[in-house]
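Below you'll find the structure, written out as structure tokens, and then a few comments.
The values are calculated or read from the model by the stated rules, or taken from the named source; none is laboratory data. Please read these numbers as outputs of a predicted model, since none were measured by experiment. Neighbour counts are summed over all protein chains in view; Cβ atoms, including those assigned to glycine, are modelled from backbone coordinates with ideal geometry. The protein model used for the area step is the full one, side chains on, heavy atoms only, and it has no ligands, DNA or RNA in it. Shrake-Rupley method; radii C 1.70, N 1.55, O 1.52, S 1.80 Å.
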Amino acid sequence: QFSRTRPTPIEAEPLALMASKILALTGLAPVAAIVLHTNTGYNFGSSKCPCVGFSGLEGSTTVRLNATVSAEYPANFAAYCEAWDNGRNNVSCQEGQSPGKDQGWCAEAWCYVDPCNCELDEPATKVPEDGGYMPHASYQGRGMWYSYKTCGGKDYWMTPEKKKELQAVPKNCSKKVDEKTWGSEKCRCIGYDGAPGRTNVSIGGAEVPYPAEAGASCEAWDAKNHPDCLGDKPAAWCKMSWCYVDPCECQLEVPPKTSSYLPKARGNGKPIYFSYAACGSEDEYTKGNEEACVNQAVESNCTKLEKCAWTGKQCMGKELVEVCSSAGSPGCSGCSGGTPDGLTGTMTR
């Protein structure tokens, strides 16, 4: 069997299991360890080791349970704290199976995390290169890592010896990664590159299926997927590479823009933004978008758009300053009176 790592199971401690069930029923979590983002309804884990990935997506991801069995999980799989296996894993986590629904590790909450942004007393666990639910997936070029601890859960499946071995795998946090694939060092791509399945994006009021991995690395994602790029005369922007980014961690001269592809989604717990500049491309797409915040020259036009806000000098994405200033992140290092200098988020991708 495979589930991130899945070696030999061990028995759960009765009191710990009882506590985990109480937490699951009440929705509560240890206050010192967990940050519950009530504005979205999702629990993105501890601020010292936040979950990564996209929440609020529509679609599915194909998860490999073992060498011969796969199952469909939600497209926002493991992007926030949840007992993802409970009732979904059709090998071990349904009624009559072992340990079974609502039992043992099936009932424990976990999520994928960035090992280079995880400062808990229990390190993140590396998914083996030759195994796991998504064998070919990677986050920012470092493979996939997960944590029960950040969600207040307990890893009952993993033997202590095997867990220690996988937690000791080099994280390569200081290693240079290919910026043409994973985005500029000052503005990295986010998402699960190599994730199987499809997710729906919003284009012109219609739901259009894109690969589940779309936007997780630098690629011309629209070329083979956007309706305007499938004809005989595709627009210039169709061949341009772009990716989704964390607006609060993006420090490029050309700022990222808000996404209309995934209007209800969150990336790493924040509104979804995208960037061509992170991938070394020109943003031809936004130039022709009349509803892009950055294209509103006067305050009256800017404030008509729900996702835009006027800074006194320019029009920008409304959520950007609220999220990044409250997070105290590098992307808001130019904040003055609550407004980040030079950030002009737009309502486009």
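Only one of SER217, SER147 is of a type in the set (Ser, Thr, Tyr), open to solvent by less than 40 Å² (accessible area, probe 1.4 Å), farther than 23 Å from SER92 by Cβ and within 18 Å of the chain's Cα centre (by Cα); which? Step through it out loud before you land on a result.
On the way: SER147 fails: farther than 23 Å from SER92 by Cβ.
Among SER217, SER147, only SER217 is of a type in the set (Ser, Thr, Tyr), open to solvent by less than 40 Å² (accessible area, probe 1.4 Å), farther than 23 Å from SER92 by Cβ and within 18 Å of the chain's Cα centre (by Cα).
What is the number of the single condition among (1) open to solvent by 10 Å² or more (accessible area, probe 1.4 Å); (2) part of a loop (DSSP other than H, G, I, E, B); (3) at negative phi that TYR133 does not meet?
Against the list (1) open to solvent by 10 Å² or more (accessible area, probe 1.4 Å); (2) part of a loop (DSSP other than H, G, I, E, B); (3) at negative phi, TYR133 comes up short only on (1).
If the Cβ limit is 6 Å and pairs must be 6+ apart or interchain, which residue in segment 60-82 that is within 16 Å of ASN268 (Cα to Cα) pairs with which residue that is in a strand (DSSP E or B) and aromatic (Phe, Trp, Tyr)?
ASN76/PHE54; ALA78/TYR112; ALA79/PHE54; TYR80/TYR42
Could you tell me which residue of segment 258-270 is farthest from GLY56 (Cα to Cα), considering only residues that are open to solvent by less than 10 Å² (accessible area, probe 1.4 Å) and in a strand (DSSP E or B)? Quick ask: steps written out before the conclusion?
Pass one, segment 258-270, residues open to solvent by less than 10 Å² (accessible area, probe 1.4 Å): 258-259, 261, 265, 267.
Then keep just the ones that are in a strand (DSSP E or B); that gives 258, 267.
Values: THR258: 15, GLY267: 9 Å.
It comes out as THR258.
Identify, please: which residue in segment 185-214 is surrounded by 20 or more Cβ atoms within 10 Å (Cβ to Cβ) and of a type in the set (Ser, Thr, Tyr) and is, among those, nearest to ALA71 (Cα to Cα)?
THR199
Restricting to segment 231-257, and then to whatever is under 20 Å from TYR80 (Cβ atoms) and not charged (D, E, K, R), can you tell me which residue is surrounded by the fewest Cβ atoms within 10 Å (Cβ to Cβ)? Walk me through it before giving the result.
The first filter runs over segment 231-257 and keeps only residues under 20 Å from TYR80 (Cβ atoms), leaving 244-249.
Filter once more, so that each one left must be not charged (D, E, K, R): 244-245, 247-248.
On the way: TYR244: 28, VAL245: 32, PRO247: 31, CYS248: 23.
Checked segment 231-257; the qualifying residue surrounded by the fewest Cβ atoms within 10 Å (Cβ to Cβ) is CYS248.
Within segment 172-194, can one find any residue that is part of a strand (DSSP E or B), over 13 Å from ALA124 (Cβ atoms) and touching a Phe, Trp or Tyr at 6+ places or on another chain (Cβ under 7 Å)?
Restricting attention to segment 172-194, the residues satisfying the condition of being part of a strand (DSSP E or B) are 183-184, 187-189, 193.
Going one step further and asking which of them are over 13 Å from ALA124 (Cβ atoms), we end up with 183-184, 187-189, 193.
The next check asks that each one be touching a Phe, Trp or Tyr at 6+ places or on another chain (Cβ under 7 Å); those that pass are 188-189.
Taking every residue of segment 172-194 in turn, at least one turns out to be part of a strand (DSSP E or B), over 13 Å from ALA124 (Cβ atoms) and touching a Phe, Trp or Tyr at 6+ places or on another chain (Cβ under 7 Å).
How about segment 155-171: which of its residues are more than 16 Å from ALA124 (Cβ to Cβ) and part of a loop (DSSP other than H, G, I, E, B)?
Answer for segment 155-171, where residues must be more than 16 Å from ALA124 (Cβ to Cβ) and part of a loop (DSSP other than H, G, I, E, B): TYR156, THR159.
List, please: which pairs have Cβ atoms under 7 Å, are six or more places apart or on different chains, and start with a residue in segment 299-328 that is closer than 14 Å to ASP246 by Cα and end with one that is at pLDDT below 70 and among the β-branched types (Val, Ile, Thr)?
Final answer for the pair search is GLY317/THR346; VAL321/THR339.
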